[in-house]
Structures are given as structure tokens and as C-alpha cells.
């Protein structure tokens, strides 16, 4: 079976041995091994989920759709991505403009 590659002309930061996408179990084990060696007082809050949340937040801030973010994270339903990973406490400048709250 051929190694799964990301769409488009994208280089993987941490490719698997065959050059494709890493097996999630192997990647999770490697991340856990690194996190276990970190200073727990300073970095005890960091988990593999922290990285996923950071990626989702960055993609959301860049204006990607919930579908695009869900696809990147491997979620079947954008609603799950929106509920778990996307921020809800940021006021939308576009919504404020539509509602006439932007001062114009």
C-alpha cells in the first residue's frame, strides 16, 4: 500500500519512514515520550491535544472554514471541530458591521 500523502504541494514537518503521513499511534507515542522528559512544573499542562488545539486555533484565526479545519484534523463532522476546537468568545467585526456597531 502506498504511503498516504497530503493534498497539494505540501511538505510534511515530521514524515513517516516511507515519506508519507505518520501512523497516529507512533506519533502519539513519540510525543508522549518527549512530554514525559519535559520539566513537569513548567510544561505539565502540555499534551498532544494542546498541539491539535493550537493548530485548529491558528487555522480558525486565518479564516479557514470549519470544514477545512475538520478535514485537516481528520474529523468527519465539522460540528465536532466547531464544538471542541474553534473559539466562541471572539466578537466578529463582520457581525458588528452588519449590526451597525462598528461606529459607521
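General remarks:
- Checked against the criterion of being over 15 Å from the mean Cα position of the chain (by Cα) and at pLDDT below 80, region 23-40 contains one or more residues that satisfy it.
- Residue within region 44-52 that is at pLDDT 85 or above, out of contact with any helix residue (DSSP H, G or I) (no Cβ under 9 Å at 6 or more places or on another chain) and surrounded by 14 or more Cβ atoms within 10 Å (Cβ to Cβ) present: no
The values are calculated or read from the model by the stated rules, or taken from the named source; none is laboratory data. Quantities reported herein were computed from a predicted structural model and do not represent experimental measurements. So basically every Cβ, Gly included, is an ideal-geometry build from the backbone, and we count neighbours across all protein chains shown.
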